[in-house]
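The values are calculated or read from the model by the stated rules, or taken from the named source; none is laboratory data. From a predicted model like this one, the values you see are computed outputs, not experimental measurements. Here the Cβ positions follow ideal geometry from the backbone for every residue, glycine too, while neighbour counts run over all protein chains shown.
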Amino acid sequence: MSSTVNVIIRKESDSWGAWSPNAPGFFAAADTVAELRRMVSEGLRHWGDETHAPQPIDVRQHLERSVADSVVLRVADDAHRADRIEVAQRMEHALWVPEQLEAMEAEPVSESGEHVIIASVPDDTFAFIREQMTAEDCVIVAVAVADEMALTFYVRTRDRVDDGSEPVPPERTVGAAAAVLNIESPHAPRTFSMV
């Protein structure tokens, strides 16, 4: 039996950093991304030994980059990477419009104090999104719709929810949530909660 650990990798000024919402206390930093990836593998092996996590550990990498003072785009490095990059590019272009950036900056932030946008594909499940979040987190999920547009909605962990709403089933897909938020339902909630 193995366990999957999501690792968030980000370029910071002159170095690279990595952390994981699934491995509390884990952090790595290096001068190059290649060196960082080696350190992540070794560091997670040690973390797994110390916490008795099931071995081997499968690492799912997510690359982040800052696109504004408090806005970060996250792209999973998986089989859908090209589609995720397309979504991230749409979001980056949308944020060039000052009104859209201001509207986003007025919304809830992640536990880190940033607006984290997860570039998604319709088949991503809420479980996949939740695995990228900390215990008290809020992220923005973006998915491509129409030719040049992206639809966004917020996902909060249950620890951040106090409105009595029911949590979204982890097997629900981003595409199904986007369908609920489609133009046909303009008043549907734009925030979902997860257990």
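Could you count how many residues in the stretch 131-148 are surrounded by fewer than 20 Cβ atoms within 10 Å (Cβ to Cβ) and at pLDDT 90 or above? Looking only at that region, the number is 1. Counting only residues that are of a type outside the set (A, V, I, L, M, F, W, C), over 24 Å from ASP124 (Cα atoms), surrounded by 11 or more Cβ atoms within 10 Å (Cβ to Cβ) and within 19 Å of the chain's Cα centre (by Cα), the stretch 38-71 holds 1 of them.
Taking each residue of the stretch 86-97 that is in contact (Cβ under 8 Å) with a residue 40 or more places away in the chain and looking for partners that are buried (at least 16 other Cβ atoms within 10 Å of the Cβ) and part of a helix (DSSP H, G or I) with beta-carbon atoms closer than 8 Å, six or more apart or interchain, yields nothing. Taken across the stretch 162-183, residues that are surrounded by fewer than 20 Cβ atoms within 10 Å (Cβ to Cβ), modelled with pLDDT under 85 and of a type in the set (S, T, N, Q) do occur, with at least one present.
Here GLU107, GLU114, GLU102 are screened, and the one residue that is free of Cβ contacts under 8 Å to residues at least 24 places away in the same chain and out of contact with any Asp or Glu (no Cβ under 6 Å at 6 or more places or on another chain) is GLU102. When the stretch 65-75 is limited to residues that are part of a strand (DSSP E or B) and farther than 13 Å from GLN89 by Cα, the one that is modelled with the lowest pLDDT turns out to be ALA68.
Within the stretch 30-52, can you find the residues that are part of a helix (DSSP H, G or I) and among the aliphatic types (A, V, I, L, M)? Give the derivation first.
If we filter the stretch 30-52 for residues that are part of a helix (DSSP H, G or I), which is where we start, we get 33-51.
If the condition is that a residue be part of a helix (DSSP H, G or I) and among the aliphatic types (A, V, I, L, M), then VAL33, ALA34, LEU36, MET39, VAL40, LEU44 are the ones that fit.
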